[in-house]
Amino acid sequence: MRRLDELAQFSSRNGEITRLYLTPEHRAAALKVREWMQAAGMRAEIDAVGNVIGRYDGTTLNARSVLIGSHVDTVTNGGKYDGSLGVLTGIHAVAELHAKGLRLPFAIEVLAFGDEEGVRFSRTLTGSKAVAGILEDADLDAADSAGITIRDALTRFGCDPLEIPRISRRKEDVLCYIEVHIEQGPVLESAGLPIGVITAINGATRFKVEVAGTSGHAGTVPMNVRQDALAAAAEMVLAAERLAQQTEDLVATTGCIEIRPGVVNVIAPSVGFNIDVRSSKDDVRQNTVAALQDSFQAIARRRRVAVTTEGFYDEAAVTCSSWLVKALEAAVARLNLRPYRLPSGGGHDGLAISSLCPIGMLFVRCAGGVSHNPAEAITADDADLAIRVLLEFLQHFEPDDAVSGIREA
Ligand code: CO
């Protein structure tokens, strides 16, 4: 908990936790994490895409690895635990093994990914995609609001973007990936449980909606001839909310809207807003997105405004491996806790890593389900339990199970 407080100090703004990918505060945090990894008995380095990777060797040299990871970037004005908890629990689990002089029949690697939130470059999962070997060279051309590309920012960070292809892992070198993360929702707290085992990570689609109407004087244009882009957009936002309420296992959100020119006595001629749609079922998500686009067209026709939609993000849902779900549940049960399964509404680095190896995830209860917010809070006891579950899992993990588990799946 002290280290998580310490990590929170690496921020671009005083009194906030804002640590975006490839910024000086990200670099400072990465160096601190590397130091902690080394103190826990790992060899650690910052890789070509800005991830920190620590390795704790197994009983044999070149043994395959269990990966434990999460991210050290934050959203703007985020919390102390989102991402960082998963990195710190991994480091502390290894520190515990190291302190006891224990080596396991596999290596453990702790990964602190640099870019999960995607705030700076509007690209998510850059670090984990590179490790999974699915980061494309063109992804490095994404630029931040100042026009700096990921490629340039990497060079300034001290990384060599040309080396990125070399950090991708071979499937035969890794056994599985485990991520501990705060729940970022209220389910575990209301169930009175500290730890949950994740079954799937919801897929997500985000799209931009532009509504074009006609500007007019708020006092002189009669109501029946208006082409009010904002009123149309409002109806669209509510239509999305209603459809999501009526659809099982799906959520839809409008979190930002831009009204132009945004003047009190002018009928808005132009409005842009975004919609974020998530579900653990890809077909449900895709059908809903199509239905929303149809309904926006209908609203626009009726209100005599124009509407265009443009998708800018699409991630399929990912299922956690059933044998890992069972192994994590068994670890939870050995600590006399009730195993509890839930899906993850948020995206995580495991999404990218799932194309490399089987993934499993643990959620840790967080106060009020609050996240992406400085009020994010967990207890030291719950963090401790997460480390114990990891240790239970690791100490009962047989590399051969992974191989047969993969075959079963
Ligand atoms: Co996170």
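Table for the structure above
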{"item": "Coil-residue trypsin sites (Lys or Arg not before Pro) of the range 1-106, DSSP, other Cβ within 10 Å capped at 11", "result": "R13, K100"}
{"item": "Gain in span if fully extended, R242 to D276, counting 0.36 nm per residue against the direct Cα distance", "result": "10.8 nm"}
{"item": "Distance (nanometres) between label positions extended 7 Å along Cα→Cβ at N373 and M1", "result": "2.1 nm"}
{"item": "Additional length obtainable on full extension of the chain from N224 to R301, 0.36 nm per residue less Cα span", "result": "26.3 nm"}
{"item": "FRET efficiency, D400 to V187 (Cβ-Cβ, R0 60 Å, nearest 0.05)", "result": "0.95"}
{"item": "Computed over the chain: relative contact order in percent, which uses C-alpha pairs under 8 Å that are six or more apart", "result": "21 percent"}
{"item": "Percent of Cα pairs exceeding the 31 Å cut-off, where the set is the chain", "result": "42 percent"}
{"item": "Added length on full extension, which subtracts the Cα-Cα distance from 0.36 nm per residue, Q286 to T308", "result": "6.2 nm"}
{"item": "Longest segment of the chain lacking GluC sites (Glu not before Pro) that sit in a DSSP loop with at most 13 other Cβ atoms within 10 Å", "result": "249-409"}
{"item": "Separation in nanometres of the label points that stand 7 Å from Cα toward Cβ, at D294 and C256", "result": "3.0 nm"}
{"item": "Percentage relative contact order, the range 203-315, counting C-alpha pairs under 8 Å, at least six apart", "result": "46 percent"}
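Laboratory data are not the source of any read-out in this text; all were calculated from the coordinates shown. What you are looking at is a predicted structure, and each value in this text was computed from that prediction instead of being measured. All Cβ positions, glycine included, derive from the backbone under ideal geometry; neighbour counts span all protein chains shown.
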